[in-house]
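Below: the structure, in structure tokens.
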Amino acid sequence: MRTLVLNAGYEPLAVVSFKRALVLVMNQKATVIERVEDDPVWGARGPYDRPAVIILRRYVRLPMSRRVPVTRRGVLRRDNHRCGYCGKSASTIDHVLPRSRGGADSWENLVACCLRCNNVKSDRTPQEMRWELRFTPRPPHGTAWTVRGTERSDPCWEPYLALAA
């Protein structure tokens, strides 16, 4: 069971375990605003509400820029596990401008790629192959990318995640 953590401006910050959320509430650092009904946590002093969404009492500031780190899993997820060249199911990633030619490990230079296209393309650019990308690679955006753990969100989180979008 996981808990969504919001700052005082109701902006999503993170997703934590319900145990961590309960500790924040018990130490009066957070307040429960959504709870899981009919599933209390039993402690030595009796039952506690199991938090689904909490709001921190003091933390207000959000960093101005939340850059999403480039990862293989992230590129595949951004491209919906579809090849950037042929559209088939992708299991690898490809550098549009190969690394041997100065291509960077960046959101703008990486695409999901099927094994066949990756092997055929090899160390060449799409222009040399006379191939076209199905889309222009860009960095991902939205709360699902900036708040860790929201890709598998709880339905009661939706109003709070929609506020941040």
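The table below gives the values:
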item	result
The range 8-56, residues that are outside any loop (DSSP other than H, G, I, E, B), among the acidic types (Asp, Glu) and surrounded by 14 or more Cβ atoms within 10 Å (Cβ to Cβ)	Glu34, Asp49
Index of the failed condition, Asn7 passing every other in (1) within 30 Å of Met129 (Cβ to Cβ); (2) not assigned by TED's automatic domain parsing to the domain that holds Trp107	(1)
Gly84, sole failed condition from (1) assigned by TED's automatic domain parsing to the domain that holds Arg124; (2) exposed (fewer than 12 other Cβ atoms within 10 Å of the Cβ)	(2)
Residues of the range 65-85 that turn out to be out of contact with any strand residue (DSSP E or B) (no Cβ under 9 Å at 6 or more places or on another chain) and closer than 17 Å to Met129 by Cβ, as a count	0
Of residues in the range 89-126 being of a type in the set (A, V, I, L, M, F, W, C) and assigned to a strand (DSSP E or B), the one farthest from Arg72 (Cα to Cα)	Cys113
Qualifying residue in the range 57-66 (condition: in contact with a helix residue (DSSP H, G or I) (Cβ under 7 Å, 6 or more places away or on another chain), assigned to a strand (DSSP E or B) and in contact (Cβ under 8 Å) with a residue 24 or more places away in the chain)	no
Selection count, the range 121-133, where residues are under 17 Å from Arg101 (Cα atoms) and either touching a Pro at 6+ places or on another chain (Cβ under 9 Å) or surrounded by 13 or more Cβ atoms within 10 Å (Cβ to Cβ) (or both)	7
Tabulated pairs, the range 119-135, first assigned by TED's automatic domain parsing to the domain that holds Ala90, second among the polar types (S, T, N, Q), C-beta under 7 angstrom, 6+ apart or interchain	Asp123/Ser100
Only one of Val32, Val111 that is under 16 Å from Pro140 (Cβ atoms) and β-branched (Val, Ile, Thr)	Val111
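Here is a yes/no grid of residues against (1) in contact (Cβ under 8 Å) with a residue 24 or more places away in the chain; (2) within 22 Å of the chain's Cα centre (by Cα); (3) outside the structural domain of Arg116 (by TED's automatic domain parsing):
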| residue | (1), (2), (3) |
| --- | --- |
| Lys19 | no, yes, yes |
| Asn27 | no, no, yes |
| Arg35 | no, no, yes |
| Gly46 | no, no, yes |
| Arg77 | yes, yes, no |
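The values are calculated or read from the model by the stated rules, or taken from the named source; none is laboratory data. Keep in mind that this is a model prediction, so the values were computed, not measured. Backbone-built Cβ (ideal geometry, glycine too); neighbour counts: all protein chains shown.
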